[in-house]
Amino acid sequence: MHSLECQHRPTSGRGNAIAYTLSLWPQLLHFRDDGRLEIDNNRVENAIRPTAIGKKNWLFIGHPDAGDRSAISYTLLENCKRLDINPRDYLHDVLSRLPAMTNRQTQSLTPRNWLAARSKTAAARPAQASPARRNLIAPLHQRRLIVNGAPYRTLTYRRRTA
């Protein structure tokens, strides 16, 4: 690379590119030495693209404070997606618990902490039967249908247990 630097004028486009590459040479060697490192950040750019595209649409939200609030909301939802959390489940649980909490307790409501607490309680709870299995275990119920005042038919069914 140093031999190429001598062949091109430093002010030319190629000379600038060679000088730039040589200035970053020690950092570039890290990619050669450790194969786990990625030289580009395409995965990150693809993950933030929907938010980056939407920011132009969300620029004028209406109220000056609405921008801050929407940024918080979008951050929470993007973190949920990143952690494979269903955003609806997360918001339902958090918004139902939030009114009874103090400011100091809200740290446990970040998506990462919420997922960790949920995993702990799931591990501590004994395994429940799947919904299909629960239906097999549920007791039989009978209901007599009456049409025009006369018994018509008796239905036998299993009631789902929540």
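The values are calculated or read from the model by the stated rules, or taken from the named source; none is laboratory data. The shown structure was predicted, so the numbers you read here are calculated from the model rather than taken from an experiment. Virtual Cβ from ideal backbone geometry, glycine too; neighbours counted across all protein chains shown.
Assorted remarks:
- Figure legend. Inter-residue proximity from the range 111-134: first residues over 24 Å from E78 (Cβ atoms) and surrounded by 10 or more Cβ atoms within 10 Å (Cβ to Cβ), second residues modelled with pLDDT under 70 and of a type in the set (V, I, T), beta-carbon distance below 6 Å, spacing 6+ or different chains. Indicated pairs: R134/T161.
- Listed by position, the helices (runs of 4 or more DSSP H) contained in the range 69-147 that have at least 1 residues being modelled with pLDDT of 80 or more are 87-97, 111-124.
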